[in-house]
Structures are given as C-alpha cells and as structure tokens.
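In what follows, a single structure is set out as structure tokens and then discussed.
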Amino acid sequence: MAMVDEPLYPIAVLIDELKNEDIQLRLNSIRRLSTIARALGEERTRKELIPFLSENNDDEDEVLLAMAEELGVFIPYVGGVEHAHVLLPPLETLSTVEETCVRDKAVESLCRIGAQMKENDIVDFFIPVVKRLASGEWFTARVSSCGLFHIAYPSATDPLKTELRTIYGQLCQDDMPMVRRAAASNLGKFAATVEQSHLKTEIMSIFDDLTQDDQDSVRLLAVEGCAALGKLLEPQDCVAHILPVIVNFSQDKSWRVRYMVANQLYELCEAVGPEPTRADLVPAYVRLLRDNEAEVRIAAAGKVTKFCRILSPQLAIQHILPCVKELSSDSSQHVRSALASVIMGMAPVLGKDATIAELLPIFLSLLKDEFPDVRLNIISKLDQVNQVIGIDLLSQSLLPAIVELAEDRHWRVRLAIIEYIPLLASQLGVGFFDDKLGALCMQWLEDKVFSIREAAANNLKRLAEEFGPEWAMQHIIPQVLEKINNPHYLYRMTILQAISLLAPVMGADITCQKLLPVVINSSKDRVPNIKFNVAKVLQSLVPILDQSVVDKTVKPCLVELSEDPDVDVRYYANQALQACDQIMMSS
C-alpha cells in the first residue's frame with residue numbers, strides 16, 4: 001500500500017501548500033515545481049500537474065508571476081519539445097490576468113516555448129492561442145497577443161499568414177489605447193518576420209495608422225517602430241515612408257513624442273542614410289535642440305556628438321554649433337550637464353581650428369558652471385580635446401580653470417580633478433607639472449574629506465610611477481615626510497597610508513633610508529589609531545625590505561606594539577608579526 005501511495009505524495013504536498021493561507025508557502029511550492037515534476041515523471045506531470053496549475057490561477061500576483069516564470073523552462077519536465085503544447089493552456093490563462101508583470105512574464109514564457117516548438121505544433125496549438133487571445137473580450141488578452149505574433153507568423157501557412165496580418169491590423173485599431181500601445185511596441189518584431197512584399201503594403205499601412213493615433217503614448221511607441229522598420233526597408237522606401245514621419249514627429253504637439261525622437265534620432269539617421277539626414281533631419285534636430293521643453297533639449301543635447309559624426313564638419317559648424325552655444329548657457333542645469341558629457345567628443349569631429357575658435361570658449365564657460373555635475377563632465381573628457389588642440393593651448397586656456405576646480409567647495413569635483421591629475425601629468429610633462437600642479441597635490445593630503453585624502457595618497461603613487469623614483473625623491477618624499485608632524489592625527493594617518501603606497505614604487509633603499517624611520521618613529525604616537533596603522537604599514541613594507549632590516553628594526557617595533565595597552569594595537573601588531581614569520585618561512 002505504501003508503494004502505491006508513494007508517487008501521490010509530491011502532488012498531495014503541492015496541492016496542500018498551494019491552498020495554504022500563507023503566501024510564502026504557496027510561493028515556495030511554485031518555485032519547487034521542477035522538483036515535483038521530476039518526482040511525478042513526465043506523463044503524470046502532463047496529465048495531473050499542468051491541468052491542476054491551469055485551474056489554480058486566481059492567486060496573489062507574486063505566486064502567478066513565479067508560476068509564469070517556472071512554466072517557461074518546463075519543456076524538459078513534460079517530455080520534451082513534442083509535448084511542449086501542454087504548457088500553453090496555463091500560460092494562456094496567465095496572459096489574461098490584470099497584473100501587467102504577470103502577463104509580461106507569461107508572454108515571455110510563451111515566446112520561449114513557441115521558439116522551440118515544431119512547425120506543425122505551432123500551427124495546431126500555438127497559433128490558435130494567439131487568435132483566442134487577440135479576440136479576447138477583456139483588453140488584457142488582446143495586449144498579450146501582440147507579443148506573440150512574431151513567433152507564430154514564420155511557421156504559419158499562407159492563408160494563416162494573411163489572417164494573422166489582418167488580426168494585427170485590427171489590434172492596431174483597437175478601441176483600447178493599451179492594446180494599440182502593445183501593438184505599436186511589438187510592430188518592429190512582427191515586421192521583421194513579414195515578407196518584403198507585404199511589408200511595404202500592409203505593415204506600412206498599419207504603421208501609418210499608428211503614427212496618426214490620437215494618443216501620444218501610442219505615437220511615441222511608433223517612433224521606436226520608425227527605427228526598426230527603417231532597418232528592414234530599402235533605402236528609397238525608407239526615405240519615402242519613414243522620413244516624413246520622423247520630420248512630423250519632431251514637431252509633434254506632445255513633448256513626450258518629441259523627446260522620443262530626440263532619443264532615437266541617431267538610429268533614425270542610420271536607417272535613412274546620410275543624404276536625407278543632411279537635407280531633412282538636420283533642421284528637425286536643430287528644432288529639437290531649441291525645443292521649449294527641457295527634457296527634449298536634454299535628450300537632443302546628449303546626442304550632439306553622435307549626430308555631428310554623420311555630418312560633414314562644415315554642416316556641423318554651420319547648423320549645430322550655434323545651438324550648442326545656446327545650450328551651454330541653457331537655463332536648465334540638466335541640459336548643460338547632458339551637453340558637457342558629450343561636447344568634448346565634438347573636438348575630433350570639427351578639427352583643430354574650429355575647436356580652438358568655437359569650442360574652447362564653450363568648454364571654459366562649462367568649466368566655470370555653478371552646477372558641479374557640469375564641471376565634472378567636462379573634466380573627465382579633457383583628453384579628447386588634448387588630442388586635437390595640443391597640450392600648449394590646453395594648458396594656457398583650460399589649466400587656470402582646473403586649478404580653480406581643485407579648490408572647489410564640492411568634494412566630488414575635487415575628487416574628479418585628483419583622479420584626472422596623473423593623466424594630465426603624463427600629457428603636460430614633468431616641468432609643467434612641477435610649476436602648476438605640484439603644490440595642489442600636497443594640499444589635498446590635508447583636505448577635510450577622507451575620500452579626498454585617500455585619493456591624494458593614491459595620486460602620489462601614480463605620479464611616482466609616471467615620473468620615476470628620482471623625481472619622486474626630489475618632489476614628493478620630502479614634502480610628504482614633513483607632514484607627519486601635523487597636530488591632527490587624521491592627517492598623520494594619511495601620511496602613513498601614502499608611505500605604504502609609495503614604498504613599492506621607491507624600492508628597498510629609499511624605503512629603508514627615508515620612509516622606514518618615519519614609520520618607526522610614529523609607533524611612539526599617543527593616538528592608538530596611528531599605532532595600529534603603523535603595524536599595518538610595517539606589515540606592507542616587510543616584503544620590500546631586506547631580512548636583516550626586518551629583524552633589527554621592524555620586529556622589535558612590532559613586539560613593543562604587541563604589548564600596548566590598546567586591544568586593537570595589540571591585534572594588528574600580532575597580525576604583522578605573524579606575516580613576518582610567514583614571509584621568513586617562505587623565503
């Protein structure tokens with residue numbers, strides 16, 4: 001008897017847990033569906049488990065979402081691709097529920113299953129599901145159906161294909177805006193599966209209807225369709241059908257549609273090709289750059305460099321540069337920030353003379369912007385300009401602004417400058433660096449903000465790597481070691497951190513002669529934080545130093561620290577001593 005009951009056990013547990021009042025238990029049960037299916041075997045999964053799931057679908061959205069996700073990967077548990085169709089009924093039901101994320105997941109799972117099904121199964125089982133959903137009484141079913149056509153269409157017979165195209169056309173004219181939105185957003189995927197002859201006729205006619213929809217939420221999704229369809233059509237058809245739509249959309253009464261055009265314009269230009277871009281899309285882009293809605297200007301400003309790359313430098317200077325000048329003093333800080341993040345890329349496009357004459361003044365005005373993000377975006381891309389105009393001009397025009405930003409009241413701006421210094425240093429060369437930026441690098445070691453002090457210590461290490469140990473010995477080490485006597489313990493800690501970073505670059509001799517004595521001396525500091533940082537630094541120096549120095553100088557200091565009254569100092573000193581012993585043993 002026990003043997004007979006055994007296979008029933010998993011399904012019984014599942015049913016109990018699925019009916020449990022506790023949502024967590026129901027969720028766990030759904031997440032374990034694959035385990036239960038394995039226990040039941042393929043046949044019983046098809047005959048008992050899947051029908052049971054089809055009936056139990058009025059649950060909390062969380063549980064339904066988990067079910068829709070699990071069923072998408074369930075083909076192996078029902079006996080492989082030839083039985084995949086049994087998974088369609090529960091997912092069809094889930095595609096009609098009210099909660100959007102459940103429907104979306106069910107459609108995703110249906111697409112995943114449909115993509116693996118055999119052609120005759122698609123005709124027999126999948127296409128009827130699409131047709132039932134598309135004619136559903138409740139709009140949710142019709143919305144879900146829109147995402148399934150691109151899977152169903154390639155396997156359909158010619159009469160069925162005609163029917164599917166007709167149904168899709170009806171969905172694009174549905175009374176409910178939500179259905180038309182779904183049809184508009186899936187049109188690109190569906191069009192990619194349709195034959196070229198029908199693409200130019202039926203699909204373009206559907207597309208034209210969507211572009212003239214009275215709901216802006218439908219029209220803005222049709223903008224995405226422009227780019228998708230543009231890639232499928234021949235260039236001349238693209239110019240005839242898609243270009244007028246883009247130009248109209250760029251003047252749409254809804255700012256959301258114009259925003260969408262501004263966002264997608266580069267892709268749209270690629271679709272229609274260079275000539276029409278110059279003739280028709282440049283005026284449209286200029287309109288978007290001067291739009292009265294800040295959001296549209298932000299989207300357009302962010303694409304300015306990409307757009308200029310399609311144009312000749314003359315066209316860019318003639319049409320786009322005047323707009324860029326206006327945007328650099330735009331009333332919205334977010335527009336200026338979007339422009340600052342891409343404007344440096346215009347330098348290689350426009351060439352040296354135009355950059356010096358036209359762009360440099362804009363860079364300078366953005367570098368002095370009151371909004372920190374604008375200044376940051378300019379600083380982080382300076383190397384693109386250097387490649388075009390050369391270091392002499394860059395240093396004359398932009399360096400004063402950089403020095404000003406190095407003392408900016410916003411610490412993130414100071415941080416961005418510090419992180420940029422090694423790159424600047426390699427570009428400016430040693431002589432220039434010593435004159436203008438050396439003092440700044442030392443000043444940052446005593447900044448009020450820890451992140452700045454930490455970055456400053458790292459910066460010194462990178463400079464030492466760039467200019468070499470001899471230069472560092474002259475220009476960095478003496479000034480760093482001087483600061484170890486700062487009355488504030490936090491600044492003394494920064495110097496210890498700088499020493500541990502510089503030591504590997506400087507090598508054993510300089511570390512032993514100059515850096516180690518300062519560290520050993522700091523072990524007598526009255527602040528425990530300094531003392532345990534001394535132990536950490538000594539641990540990092542051990543691999544660099546000779547064994548004799550470790551035995552004579554480092555170890556006695558660590559032994560003394562290991563007897564300190566403070567528990568943390570003792571802990572780190574003992575850690576360092578253990579590390580010394582390990583290194584000795586390994587060597």
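The values are calculated or read from the model by the stated rules, or taken from the named source; none is laboratory data. Here the structure is a predicted model, which means the values were calculated and not measured. Positions of Cβ are generated from backbone atoms using ideal geometry, with glycine treated the same way; all protein chains shown enter the neighbour counts. Just the protein is used for accessible areas: all its heavy atoms, side chains included, with ligands, DNA and RNA removed. Shrake-Rupley method; radii C 1.70, N 1.55, O 1.52, S 1.80 Å.
Summary of computed values
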quantity: From phi via Karplus (6.51, -1.76, 1.60), per-residue ³J(HN,Hα) for region 411-422 in Hz, x at Gly/Pro; calculated: 5, 5, 5, 4, 4, 4, 4, 4, 5, 8, 4, x
quantity: Residue-normalised accessible area of the chain, given per residue in Å² at a 1.4 Å probe; calculated: 45 Å²
quantity: Listed residue pairs exceeding 28 Å between alpha carbons, taken from K461/K524; K253/K368; K200/K306; calculated: K253/K368; K200/K306
quantity: Förster-model FRET efficiency, 60 Å R0, F139 and L399, C-beta, rounded to 0.05; calculated: 0.45
quantity: Cβ-based net charge around L481, under 12 Å, with every Lys or Arg adding one and every Asp or Glu removing one; calculated: +2
quantity: Using a Förster distance of 22 Å, the FRET efficiency for E407-H488 (Cβ separation, nearest 0.05); calculated: 0.65
quantity: Prolate/oblate/rounded label for region 452-587 (Cα gyration tensor, a/c 1.5); calculated: oblate
quantity: Förster-model FRET efficiency, 51 Å R0, K368 and N20, C-beta, rounded to 0.05; calculated: 0.20
quantity: From the coordinates shown, mean projected area of the Cα convex hull in nm² corresponds to which of (i) 39.1; (ii) 44.8; (iii) 43.0; calculated: (i)
quantity: In order through region 289-294: 3J(HN,Hα) via Karplus (6.51 cos²θ - 1.76 cosθ + 1.60), integer Hz, x for Gly, Pro; calculated: 5, 10, 4, 7, 9, 4
quantity: G136 long-range amide H proximity, modeled H, under 5 Å; calculated: R142
quantity: J(HN,Hα) series, region 330-338, from Karplus relation 6.51 cos²θ - 1.76 cosθ + 1.60, nearest Hz, glycine and proline x; calculated: 4, 5, 8, 4, 6, 5, 4, 5, 4
quantity: Region 410-530: C-alpha gyration tensor shape, a/c 1.5 cut-off, then a/b vs b/c; calculated: oblate
quantity: Environment charge of A156, counting only residues whose C-beta is closer than 13 Å and scoring Lys/Arg +1, Asp/Glu -1; calculated: -3
quantity: Portion, in percent, of the accessible area of the chain that falls on carbon or sulfur, probe 1.4 Å; calculated: 50 percent
quantity: Region 162-240 shape via C-alpha gyration tensor axes, a/c threshold 1.5; calculated: oblate
quantity: For region 490-562 and region 46-102, distance of Cα centres in Å; calculated: 65 Å
quantity: The chain - percent relative contact order, Cα under 8 Å, separation 6 or more; calculated: 5 percent
quantity: Label-zone membership for region 520-554, site Q578, 7 angstrom Cα→C-beta point, backbone N under 11 Å; calculated: none
quantity: Region 143-168 and region 298-369: distance between their alpha carbon centers, rounded to Å; calculated: 46 Å
quantity: Probe 1.4 Å, all protein chains present, accessible-area order of D209, D214, D546, D252, largest first; calculated: D214, D546, D209, D252
